């Protein structure tokens, strides 16, 4: 194994710094922010509305919504779900957000994948009055401007229309938080 490159980047700072300090978060977020080589045509706006207010971030076209939010200091998870989640596998449902877009091509896949359907039809998400716009942020790539809202509840499952508080991203595992990122969108069969 000596001299073999790892298939993922190692954290740039000790894990304890990620757990204890905002400066570590800022440094890590800076590592992943959009590079200066992006043109305005490569960027789209994501408007994230919470009970704490509205934030607008610019993300690269094709970026996963969950990763884009975390890299820019916002969490798609509520409360303790910021630590207790599947890290983008699409299995826990804690990154469920409501996505409003003006175009069918704003997100890919446009319709829920099989994995999303299974997770979002399983409690606590499987209520009859669930929004058809509820999606897993870890399974959706952004290609045009969208608006995102997060509901209350551990999984963001509240259907009463109450918005969750806005939470700062906490990168518990540093750069490894993005190890599962995949630039190709899930297919409807996945």
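The values are calculated or read from the model by the stated rules, or taken from the named source; none is laboratory data. Fair warning: this is a prediction, and the values are worked out from it, not measured in the lab. Every residue, glycine as well, gets a Cβ built from its backbone with ideal geometry; the counts of neighbours run over all protein chains shown.
Please go through the stretch 157-180 and pick out each residue that is within 13 Å of the chain's Cα centre (by Cα), at pLDDT 75 or above and in a loop (DSSP other than H, G, I, E, B).
Passing the criteria: 167, 169, 170, 171.
Matching residues to (1) surrounded by fewer than 19 Cβ atoms within 10 Å (Cβ to Cβ); (2) modelled with pLDDT of 90 or more; (3) closer than 22 Å to residue 153 by Cα:
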| position | (1), (2), (3) |
| --- | --- |
| 67 | no, yes, yes |
| 81 | no, no, yes |
| 102 | yes, no, no |
| 109 | yes, yes, no |
| 116 | no, yes, yes |
| 122 | yes, no, yes |
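I'd like the full set of residues that are more than 20 Å from residue 51 (Cβ to Cβ) and touching a helix residue (DSSP H, G or I) at 6+ places or on another chain (Cβ under 9 Å), limited to the stretch 67-84.
Residues satisfying the conditions are 67, 68, 71.
Do you know which residues across the stretch 112-132 are under 16 Å from residue 160 (Cβ atoms) and out of contact with any helix residue (DSSP H, G or I) (no Cβ under 8 Å at 6 or more places or on another chain)?
Of everything in the stretch 112-132, those that are under 16 Å from residue 160 (Cβ atoms) and out of contact with any helix residue (DSSP H, G or I) (no Cβ under 8 Å at 6 or more places or on another chain) turn out to be 124, 127, 128, 129, 131.
Filter the stretch 144-159 for residues that are touching a strand residue (DSSP E or B) at 6+ places or on another chain (Cβ under 8 Å) and farther than 17 Å from residue 72 by Cα; which is surrounded by the most Cβ atoms within 10 Å (Cβ to Cβ)?
So, considering only residues that are touching a strand residue (DSSP E or B) at 6+ places or on another chain (Cβ under 8 Å) and farther than 17 Å from residue 72 by Cα, the one surrounded by the most Cβ atoms within 10 Å (Cβ to Cβ) is 156.
Anything in the stretch 110-135 that is closer than 17 Å to residue 88 by Cα, touching a strand residue (DSSP E or B) at 6+ places or on another chain (Cβ under 8 Å) and assigned to a loop (DSSP other than H, G, I, E, B)? List them, or say none.
Across the stretch 110-135, the qualifying residue is only 112.
If you scan the stretch 37-65, which residues turn out to be farther than 22 Å from residue 110 by Cα, without any contact (Cβ under 8 Å) to a residue 40 or more places away in the chain and not in a loop (DSSP other than H, G, I, E, B)?
The answer is 40, 54.
Only residues in the stretch 101-127 that are at positive phi count as the first member; pair them with residues that are part of a loop (DSSP other than H, G, I, E, B) and loosely packed, with under 12 Cβ neighbours inside 10 Å, Cβ under 7 angstrom, at least 6 apart or cross-chain, and list the lot.
Final answer for the pair search is none.
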